[in-house]
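Enquirer: The following block contains the structure, expressed as structure tokens.
The values are calculated or read from the model by the stated rules, or taken from the named source; none is laboratory data. Predicted, not measured: the structure shown is a model, and the values here were computed from it. Positions of Cβ are generated from backbone atoms using ideal geometry, with glycine treated the same way; all protein chains shown enter the neighbour counts.
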Amino acid sequence: MLLMLHLHHLLHHLHPLHTYTSWLRVTERYKVRMRVVESDSEFETLSYDELVNLLNKYSKIIRKTRSENEKLENENESLLAKLKSSDELRDQNEIMTTKLKELKLSLKELKEKHDRLESVHDELITRHRVLKEEFTTLKVNNNNLELAYDIVINETHVGTNHVAKLDVATSCDDLLLIFGNAIRN
């Protein structure tokens with residue numbers, strides 16, 4: 001009985017998650033036979049070899065459950081770290097999704113502005129061509145006028161003068177008669 005209580009106490013301290021019922025389950029799983037007498041407090045005495053075998057089995061069980069417990073604790077820590085990382089990634093994903101929506105909206109606005117600027121650009125290019133053609137026409141006309149002016153200035157005037165020379169002493173009445181006759185002729 002002392003050995004059983006000692007084993008129970010040992011199991012409880014090495015693996016605090018195990019309760020007495022789980023300890024019994026472990027003993028049943030490995031088919032450890034305990035001979036219980038009618039009263040709960042009395043056990044049939046076991047031989048030394050049986051006690052050693054029982055102690056060895058429980059020691060193996062303790063080592064195995066300790067190893068399994070450590071693996072599960074490591075896996076639990078890993079899963080908690082992944083969960084935290086997953087939450088952080090979810091938050092970052094929400095931020096990136098919001099930024100993506102903003103950028104898509106901005107891109108749409110910029111495309112509309114670009115299209116408007118392209119149409120204004122095309123209009124300005126057309127007006128530039130028209131103004132360039134008008135400038136060329138005006139330049140040609142200006143060059144032609146400058147040539148004509150140079151010709152007119154350099155040309156000698158040999159023309160007939162149809163002005164009648166009158167004596168200063170003639171009266172206005174005489175002038176009227178002269179001009180009247182000239183107009184009739």
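Enquirer: Thr156: under 30 Å from Ile183 (Cα atoms), surrounded by 10 or more Cβ atoms within 10 Å (Cβ to Cβ), modelled with pLDDT under 85 and polar (S, T, N, Q), yes or no?
Expert: no
Enquirer: Let me ask something else about it. Can you name every residue in the range 42-88 that is of a type in the set (A, V, I, L, M, F, W, C) and surrounded by 11 or more Cβ atoms within 10 Å (Cβ to Cβ)? Talk me through it step by step, then tell me what you get.
Expert: Pass one, the range 42-88, residues of a type in the set (A, V, I, L, M, F, W, C): 43, 46, 51-52, 54-55, 61-62, 72, 79-81, 83.
Listed by number, the residues that qualify are Phe43, Leu46, Leu51, Val52, Leu54, Leu55, Ile61, Ile62, Leu72, Leu79.
Enquirer: Between residues in the range 58-83 that are part of a helix (DSSP H, G or I) and residues that are not polar (S, T, N, Q), which pairs lie under 6 Å by C-beta distance while being six or more apart or on different chains?
Expert: Tyr58/Leu7; Ile61/Val26; Ile62/Leu14; Thr65/His15
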